[in-house]
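Taking it in order: structure first as structure tokens, then the write-up.
Read-outs: derived from the displayed coordinates by stated rules, not from any lab. It should be emphasised that the depicted structure is a prediction, and the values quoted were computed from it without experimental measurement. Here the Cβ is made from the backbone with ideal geometry for all residues, glycine too, and neighbour counts use every protein chain on show.
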Amino acid sequence: MNTFVIETKHLDLFYDSFQALTDINLNIEEKKITALIGPSGCGKSTLLRVFNRMNDLIDGVRITGDVNVLGDNIFTPETDLIALRQKIGMVFQRPNPFPLSVYENIAFGLKIHRNQSKKEFTDIVKESLKSVILWDDLKDRLDNSALKLSLEQQQRLCIARVLTMKPQIILMDEPCSALDPIATLRIEELMQELKKNYTIVIVTHNMQQAARASDNTAFLYLGELVEYGETKHIYSSPKEKRTEDYLTGRFG
Amino acid sequence: MNVQLEQKIAFSILFLCTLLVVVPVLIILVIIFVKGASALSLNFLFEMPTSGMTAGGIFPAILGTLYLVLGAILFAVPLGVLSAIYLVEYSRDNALSRIVKLAIVNLAGVPSVVYGLFGLGIFVLFLGFGASILSGSLTLGIMILPVIITSSREALESVPQSFRIVSLSLGASKWQTIRHSVLPHALPGILTGTILGLGRAAGETAPILFTVAAFYLPKLPQSVFDQTMALPYHLYVISTQVPGIPENVRYGTALVLLMLVLILNLAAIILRYQFRKRKKW
């Protein structure tokens, strides 16, 4: 009944000799929002970056165990990173549009992969902006610099930029940490909209956000997956003492 | 001591130092202009020298310098930028790459006469290009390579890391990332290095002394294998080697060289401004 789009088995990750993730076994459900929570340095961002192999950019990272994304092991020599990263989009902590126009930002991925015509380009840009509810605000300002937008609009723009790739999974690394509470709520609404078509994995520092916005929650502590399950169960009746302590604010 | 007074003294010293730098430059410019302006005329700019360089124009020297600068830039900019891309984006940070970087920085401090000798040995004699525009351009190109590599490296390093990460996360290859999200944002900085190199290539005498410059050659070069006159060397010749050159011709030549460098710089600065206006972060 449940389809898993990401499965990890006995995943260990080392930064040189420091073990950042220990024996992570985690299955992420399709078209659900999965929140990774835990105190700073617990390995949640590191885990997120395993899924699209962004950790490859860091020297000295070593990974053992299996990670299957959409049915394929992503740590084989044949793994096509370019294809993988088209299937898995990523939204970052700080909104990071390029210093280009709104249109050029959205079209960036399309330009790189250039398998569409100019006409389709414009359509995809429009469609992506509509999906993140920016089209009405920005349709007359597509030539303006993306850096002139508000932070919330910039973050929506970054999400739209990911959507042009037609990914199946969207990874979000604390996407609201630079935003004010109102903007945060609106991004969360957007996530509920997006989960109809996409699987979302979100790293968050904000326990209320995980409670409000996610279907499943994984609690990580010191590189271990302490508890994983439906968000409502985790928050109402955590099985582990450490989860309870963290959620009630006794540490972290 | 009173804080206000201290402030005033510090300010005065700083202001005085700036003045000490600016005033001599202005004086030089004024002297060259006052003594040389009377020589300037269309004939002076576009005619061949005559009567043993005491009359006529300096057109071959102007054209020669333009050719040499152009040749040096054509050779050094692609080579320098590409090697800077390799050093910044591809090479790992290890002892070897650090030694290479250090060597490049230090090459910028090698006296230009050493580059001249190097050019003589390699291009003129060993490769058999003779004393020619080709040899001179390559020698000047090698001389300005360190400046271009170093400033290109700084320009590339100043592009925020997040641009690369975003681009890679969207499924761009490493080269696409460099081509589309790093290089365009580094261009203004790369142009700055090119401007610096350009000015230096136009003004140096020593590197062209053994590799290309003709003492007195009142005809235009026909190919890259021809010798040519060049402004800095011509200025040296008429100022020290040939007696009886009118003073305004000497200063006029200096003025032309100065203006040529300024015009080239201005063109590059305008170009850079256009890029900057478009790309901002």
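Quick notes on this one:
- Cα centroid separation, the range B:15-89 to the range A:1-63 (Å): 60
- Amide H partners (placed H, <5 Å) of B:Ala55, local residues excluded: B:Thr50
- Long pairs among A:Lys9/A:Lys111; A:Lys148/A:Lys232; B:Lys8/B:Lys277; A:Lys87/A:Lys118; A:Lys31/A:Lys148; A:Lys9/A:Lys126, criterion Cα-Cα beyond 29 Å: A:Lys9/A:Lys111; A:Lys148/A:Lys232; B:Lys8/B:Lys277; A:Lys31/A:Lys148; A:Lys9/A:Lys126
- Counting Lys and Arg as +1 and Asp and Glu as -1 over every other residue whose Cβ lies under 11 Å from the Cβ of B:Arg179, the net charge comes to +1.
- Distance-filtered residues of the range B:107-143 - backbone nitrogen under 15 Å, label point 7 angstrom along B:Ser223 Cα→Cβ: B:128-135
- Ordering A:Ile33, B:Ala254, B:Gly128 by Cα displacement along the dipole of the protein assembly as shown toward the positive end leaves B:Ala254 in first place; charges were set at the Cβ atoms of Lys, Arg (+1) and Asp, Glu (-1).
- 222 nm mean residue ellipticity, helices alone, for the protein assembly as shown (DSSP H n ≥ 4; -39,500 (n - 2.57); rounded to 500): -16500 deg cm²/dmol
- Here the dipole of chain B is about 920 debye; that uses its Cα centre as origin and unit charges on the Cβ of Lys and Arg (positive) and Asp and Glu (negative).
- Residue separation of A:Asn25 and A:Thr64 scaled by 0.36 nm, minus their Cα-Cα distance, works out to 12.8 nm of gained length.
- Proxy reagent accessibility, fewest Cβ within 10 Å first, across A:Glu224, A:Glu152: A:Glu224, A:Glu152
- Dipole of the range B:58-278, positive end: most advanced residue of B:Val224, B:Ala72, B:Val88 [Cβ charges, Cα centre]: B:Val88
- Neighbour counts of C-beta atoms inside 10 Å place A:Arg156, B:Arg179, A:Arg85, B:Arg272 in the sequence B:Arg179, B:Arg272, A:Arg85, A:Arg156, starting with the fewest.
- Beta bridges from DSSP with both residues in the range A:114-252: antiparallel share about 55 percent, rounded to the nearest 5.
- Assigned charges on the beta-carbon of Lys, Arg, Asp, Glu; chain A dipole about Cα centre (debye): 620
- Cα-centre dipole for the protein assembly as shown with unit charges at Cβ (Lys and Arg positive, Asp and Glu negative), debye to 20: 1040
- The HN-Hα couplings worked out from phi for the range B:195-211 by the Karplus form 6.51 cos²θ - 1.76 cosθ + 1.60 (θ = phi - 60°) are 4, 4, x, 4, x, 5, 4, 5, x, 6, 9, 4, x, 8, 3, 9, 10 Hz, whole numbers, x standing for Gly and Pro.
- Near-label residues of the range B:61-79 by backbone N, under 18 Å of a point 7 Å along Cα→Cβ of B:Met48: B:61-65
- DSSP-defined antiparallel bridges as percent of all bridges, the protein assembly as shown, nearest 5: 60
- Amide H to amide H distances under 5 Å link A:Val91 with A:Leu171, A:Met172, A:Asp173, where only residues 5 or more positions off or on other chains count and H is placed in the peptide plane.
- Cβ-Cβ FRET estimate between B:Leu14 and B:Gln274, R0 fixed at 60 Å, reported to 0.05: 0.95
- B:Ala108 versus A:Lys126: modelled label distance in nm, points set 7 Å from Cα along the beta carbon direction: 5.1
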